[in-house]
Structure formats: C-alpha cells, structure tokens
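Just below is one structure, and these are the notes that go with it.
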C-alpha cells in the first residue's frame, strides 16, 4: 500500500498545556490523531499558539506574540479579530505563515519520502488562501500539486456574511474581496473540495461562494472522542460529593455562591463560549423559572461551563446573580475534556439553546455520555437531535416566547426523567453515528472514490 501524506493547517490552537481551544481547534487535533491511526496514512499538522510548544515531529506550532487571530465573535482564548489588523500587519502575518507552512511541508515530505497528497485547510479564509498560493508555487516549479480540502467552519462564514451585509462598520468589505480577487473558491482550479459539519453550513457557504461546484461539497457530520465522552455510572452514583468538590469560577458579584449546595435533585449542564448567539442568557432566564420548581424536592442546579472576554463574564454573572437572583446556578469556567465528560455524565440534561449553531459538537459529547439534550431548532442540531435523544425548541422572533418554550422543555425533561428514558438511546446514537474515526474514514473514502467533475 502506497503511503499517503495528509497535511492539516489549523486556524486555532489545540487544547493542550493548559490552553483551552475553540471547536475547530479541538476538531483539528482529533482528526490529526485519527488520520495517524489509519493504515497507510500519515498526518502532519500546523496550528498557531501563543504558549504551546511541540516535541512531536508531526506537529509544528506557528508561534505568536499576540492572541490567535479570529474571524468573528469570540473564542476561549482570543478576541483579536483579523479586521483589527492594518493592511501591513495582515500582509506580514500572511507572509510569515506562508513561509512557515512551506518549510513544514518540506520537512514532512523529506521525513516520509513522499509528497503531500492532500492538504486540509480549517476555515474558509486564510488557510485555503495560503495553501492555494503554495500550490501555485509548486506548479510553477513543475512539481505536482496537492489536492486541497477546505473544512468550512462557522466563524469565517459569519465574517464574510457581515462583510456582504455592509451594515456593521467593524466588518467593512475587505477579506471577501481578497478571496474573490484570488479566486480561491472560483470553480475547482484551486480548492478541490469543501466539507462542512452541517447542511446549514454548506448552505451558508453556497450563499457566499455560489460559483463553487455543489458536487464537490461534502457533508461531514462532526465526530467526538468516544474514549473520553462516555457514560460514567460512578459519576452519577457519587454526584453529590462531586458537585460539592467543584471549584467555582471567580465572580465579580458579591451575591455569587462560593460552593455548590449538596441538596441537589437534578442537574442541568451548559457548555460553550460566552457569545450572544449561544443564548446563555435564555438559559439563565429559564433557570429563574425552573429553580422555583424544586422548593421541596431538592435544588435544580445549573452548571455553566465556558468563558469569554472579561466584559462577557461580568455580564452573565450580573444577569444571573444581581438581576435574576439565581441561587443554584454555578459558573465553572473553562474545563478540560475529561472534566466536561464527567459533568455531562452526572447531569440530567444538557441544554444548548444556540441560534443557528454551526454543528453542535457539545450536544454530541453530552449524548455520548448518556445525557439527553435540548437545543434550538436551527443550524446543525436539526440534523441529529431526534425525539429519541432529546428535543429542539422552535425558533421564535419573540424572545420571551422562546424562553418560555425553553423553560417548558427543560421542565418536561426533568419531570419525565429523560436521563433514564432517552439517555441510553443518546449514548448509542452518538457512538454509532459520530465517532471521530468514522468521520475521518468517510472523508478519506470520499476523496479516494470521487473523480473531479
């Protein structure tokens, strides 16, 4: 069997060395490991970080002296947007990244004795731009080009959507113009394939880049690490002790609790970055209603995993404790995967009310732990959340009506003990449909089995 060399270029850091990562960084790391488990395939990767180092010859760190640049919204590690760069700063960043990737590819090819056959660009902005430029260099030198698969993620698409809308002065038409001038996604001459984790993301990509051939777009439902996110009966049995041992995040509010009350009958869990579209505020308002349901039967605890910029942290803490007066809602800050899995396993339901969630890996991870999920009926969760594993709350223009519907669904999940009735189905469904190895094998099979059209 001929060895195949796959090279991945990531936009975000991996979750290592105490540095937390956004979803695309977590996916990149998991895919890197999955490709290297496949017979006949060797994978190399490059990703940026301000703090990490690597002794693994198959992983190169693009070192930064500033936060990892992002396209839109926020991430667990940065609020430094590409749009905040001057033209000179952006050009210098692109040049340095291009030189770094060129060197890393050359080292990988020398080490393995074969050329890169497929290069995977995470996000549909800077990375495919860099890879298409490197391919142009190869062709000019008479070398065979590598195929480019662009794994489309939501934040770059949101940035381009902001630019196209032309209503937000923080997102002037700038980078979409650059991509169109270079023709990165015009036809199939530069980027060969595009993959996305949901039909909604593929649709959004088509809205931005209508010239890209639809037959070369791949739906690739996200995978999760089934070795980490799995049912944990011990976590359920020891729930009271585990909850009391949790360390809470620092809060700017004097009324914030300092520990979790041991008298807990039900647990609701949320995991995500503190961005408006994640609608943590809707969950907090729902908590102000369902917390009152447990006056005699033990508290309903809400665990909030995640973080964001300081102003967002202060906003949600003030909303929870000063405006809503919540008594059993606890902010835990960002957590490593093993701890998130344990908290998912002990919870009765996972609630993720995001609007137009690009995919919803956090829902899949909760399901993998045997916990039913509640999401919003928009975006990626529409592809996989069924009545057997949870429920989706219909989107509504009236925010108050959405909160009321969310509250009613959470109350139903707890009253009907979905943990027992839907949890086992959720774990089985996730394991059978959404493992990382299954996702990566399907991508490889697709690339090997299709011909260019």
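What follows draws every value from the coordinates through simple rules; no lab data is involved. No experiment lies behind these values; they were computed from the predicted model shown. Cβ coordinates were reconstructed from backbone atoms using ideal geometry, including for glycine residues, and neighbour counts include every protein chain displayed.
Where the centre of each part is set by its Cα atoms, how far does segment 190-227 sit from segment 309-333, in angstrom?
If we compute the Cα centre of each part, the gap is 36 Å.
Would you work out if segment 104-262 is rounded, prolate or oblate? Take a ≥ b ≥ c from the square roots of the eigenvalues of the alpha-carbon gyration tensor; rounded if a/c is under 1.5, else prolate when a/b is larger than b/c, oblate otherwise.
Here segment 104-262 falls in the prolate category.
Using only the alpha-carbon atoms, how far is helix 399-415 inclined from the longest principal axis of the chain? Give it as 0 to 90 degrees, nearest 10.
70
For the chain, what does -39500 (n - 2.57) per DSSP helix run (n ≥ 4), summed and divided by total residues, give at 222 nm, in deg cm²/dmol to the nearest 500?
-12500 deg cm²/dmol
Using a/c under 1.5 as the rounded threshold, could you call segment 212-259 rounded, prolate or oblate? The axes a ≥ b ≥ c are square roots of the C-alpha gyration tensor eigenvalues, and prolate needs a/b larger than b/c, oblate otherwise.
oblate
From the square roots a ≥ b ≥ c of the eigenvalues of the alpha-carbon gyration tensor of segment 398-453, which class results: rounded (a/c under 1.5), prolate (a/b over b/c), or oblate?
Oblate is the answer for segment 398-453, as a/c is 1.5 or above yet b/c matches or exceeds a/b.
Using the per-residue mean of other Cβ atoms lying within 10 Å as a proxy for protection, in what order, highest first, do the peptides 252-261, 216-225 fall?
For the peptides 252-261, 216-225, the packing ranking is 216-225, 252-261.
How large is the Kirkwood hydrodynamic radius of segment 212-323, counting all unique pairs of alpha carbons, in Å?
Final number for the Kirkwood radius of segment 212-323 is 16.7 Å.
If you line up the long axis of helix 337-346 against the longest principal axis of the chain, both from Cα atoms, how many degrees apart are they, to the nearest 10?
Between helix and principal axis, roughly 30 degrees.
On C-alpha positions alone, give me the angle between the axis of helix 423-433 and the longest principal axis of the chain, in degrees, nearest 10.
0
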